[in-house]
1. Let me know the longest stretch in chain A that avoids all chymotrypsin sites (Phe, Trp or Tyr not before Pro) found in a DSSP loop with at most 12 other C-beta atoms within 10 Å.
2. Can you compute the helix-only [θ] at 222 nm over chain A? Use -39500 (n - 2.57) per DSSP H run of at least 4 residues, normalise by all residues, nearest 500 deg cm²/dmol.
3. Counting only other residues whose beta carbon sits under 14 Å from that of A:S103, what net charge do I get with K and R as +1, D and E as -1?
4. How large is ³J(HN,Hα), in whole Hz, for each residue of segment B:146-151 in order, when computed from phi with the Karplus curve 6.51 cos²θ - 1.76 cosθ + 1.60 and θ = phi - 60°, using x for Gly and Pro?
5. If you average 1/r across every pair of different Cα atoms in segment B:1-154 and take the reciprocal, what Kirkwood value do you get, in Å?
6. So what is the relative contact order of chain A, in percent, for Cα pairs below 8 Å that sit 6 or more residues apart?
7. Provide B:R149, A:R35 in ascending order of the number of other Cβ atoms located within 10 Å of each residue's Cβ, fewest first.
8. Report the local net charge at A:P253: Lys and Arg +1, Asp and Glu -1, summed over other residues whose C-beta lies under 15 Å from its C-beta.
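None of the figures in this text is laboratory data; all of them are computed from the coordinates on show. This structure is a prediction, so every number in the text was calculated from the model and none was measured. Heads up, the Cβs are rebuilt from the backbone with ideal geometry, glycines too, and the neighbour counts pull from every protein chain shown.
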Amino acid sequence: MEAETCPQALTPSQSNWDSLSVDLAELILSLLPIRSIVRAAAVCKLWRSLTSSRSFSVRVSATKKPWFFLYGQNNIFLKNNQAFAFDPEANEWLCLPTSLFPSSSQEQSFIGSGGFFITTTPCINARFAFAPILTHSWRETSPLTYSRCNPLVGVFVDALGMHRFIVVGGVRFIGGLVDIEDRLAVEIYDPRLDSWEVCPPLPPAFRTGNSSHSLSSALFRGNFYVFGIYSCFVSAFDLNRRCWSEVKMIRPPGVVVSSFLITCRDQLVMVGLCDNAHGGPSVMLWWVDERTMEFSEIAPMPQDLLYRLFDTEEDDRFASLKCVGLGNLIYVFNEEHHKCYPACVCEINFESGKCSWRMVPPLPLPVNSFHKVITFCSTISMHDILQSEDL
Amino acid sequence: MSTEERRIVVLRSSDEEIFEVDIDVASESQTIKHSIEDDDSGRVIPVPNVDGHTLAKVIEYCKKHVETPKSDDRDAQDALRAWDTEYMKIDQNTLFELILAANYLNIKGLLDLTCQTVADMIKGKSPEEIRAMFNIKNDFTPQEEEDIRKENQWAFE
């Protein structure tokens with residue numbers, strides 16, 4: 001497994017690796033984890049042109065697992081913000097340099113989805129800016145119609161193949177106080193017109209918790225699902241018809257403290273923290289049928305792993321449990337600092353329905369203390385990362 | 001032609017080495033398989049792009065994978081994987097020739113295995129280390145190299 005033990009690494013090459021056909025070179029490079037691909041692109045011009053081609057990017061996107069991003073925000077000392085990315089294939093964390101992110105301000109909300117980093121700044125002109133993940137190409141859109149803090153943001157591809165942003169919920173401050181009366185409209189961005197289309201707001205059932213703090217979202221089969229982490233309400237926004245479905249509730253038996261909705265390839269999965277009377281807290285996974293909202297058990301998270309994420313069995317400790325996921329990976333982590341944000345990952349095998357859990361390696365130190373930890377999973381576009389106007 | 005005769009296929013490498021191979025083993029190569037289907041008169045099948053040393057190694061792989069029954073058994077799969085790992089303990093030149101052979105002979109399993117082995121060699125290495133390992137010339141200017149590193153700093157740290 002380790003390259004160091006490969007006998008080939010020790011013998012100098014007499015072979016003419018340069019003469020390898022483009023197909024073979026592409027095949028080999030596509031097997032590398034993303035970070036190694038970027039390094040390989042710096043080896044020589046041929047490898048750079050191979051890896052930055054659109055066809056290579058498409059091929060790689062189909063096979064690479066989405067990354068897990070953790071963005072820590074310090075509201076007092078902005079320079080203490082940090083960003084990390086976890087590549088599940090290489091099983092390693094990367095420190096992302098702050099130069100990748102626009103200069104932040106206290107009001108700025110940061111999120112990532114569908115291959116993009118996104119910031120919304122609610123101040124006067126409701127700024128919305130985005131960049132393909134891991135690139136420096138930030139662009140600002142025309143302002144949102146309604147400024148807001150901590151909205152949910154999704155990215156979908158419309159019928160014409162264009163990336164569209166959808167902004168849902170969020171909180172509006174009026175005179176320093178949270179405005180709970182106004183239900184903020186859903187807005188969908190049209191990149192061709194650089195304008196935001198205003199759509200019906202979140203249903204009233206979500207009134208008490210309409211920011212990303214208490215909502216989990218999942219983009220799935222032409223719908224943007226919004227799910228109350230504590231309320232268990234769910235509603236789907238139809239991206240074509242621009243309307244919300246009837247609000248339903250997904251609450252499996254067993255007292256569920258918090259739960260999250262995740263898109264796992266072609267299945268919706270719910271992850272819930274259950275408070276069992278004698279057993280102590282546990283985390284369970286369920287398949288969710290997107291039409292009926294009926295759920296069926298997949299498997300519980302191994303108890304020993306859960307207790308590795310949290311110090312004690314006190315109930316309030318587990319309140320800092322959060323969950324995100326994409327593809328066949330689900331991350332369960334602790335957003336409290338004192339253990340440096342430990343996380344576990346579950347890999348779902350869709351054929352067998354089996355889950356295999358493991359601890360995510362610890363974050364590379366030093367890890368600052370954050371007021372807010374933002375996490376999300378997203379795929380990465382090789383083509384965007386290796387694009388360069390200079391070379 | 002009797003059933004007895006049909007079971008063996010004769011392959012000739014680029015350097016005129018002769019290999020008598022069971023037809024099932026030879027058919028692991030899609031290229032050879034189609035050759036046999038087109039003309040099963042029992043003549044020698046030339047393999048012009050592959051030398052004897054490499055062809056012997058290819059045949060070793062095909063033989064093992066044909067002989068091993070396909071099984072869902074975890075232990076059996078692990079055993080075959082362990083065999084593949086041992087099999088891959090070869091020098092870089094043989095590895096290179098094996099990739100070309102697996103590609104030309106269209107043997108998917110061997111192509112995947114050899115390419116993955118090369119990928120494992122590249123994983124985690126710096127561009128300089130990769131160039132040294134594969135004897136690849138650096139055709140970037142120092143300025144270009146610096147720009148590349150700056151573009152994706154996170155990958156080079």
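1. That would be A:78-349.
2. Working: 7 runs with 48 residues, N = 391.
Per the formula, -3000 deg cm²/dmol.
3. Value of the local net charge: 0.
4. Each residue of segment B:146-151 in turn: 5, 4, 4, 5, 5, 4 Hz.
5. One over the average 1/r among Cα pairs gives 18.0 Å for segment B:1-154.
6. Answer for chain A is 15 percent.
7. B:R149, A:R35
8. Within the 15 Å Cβ shell, the charges total -2.
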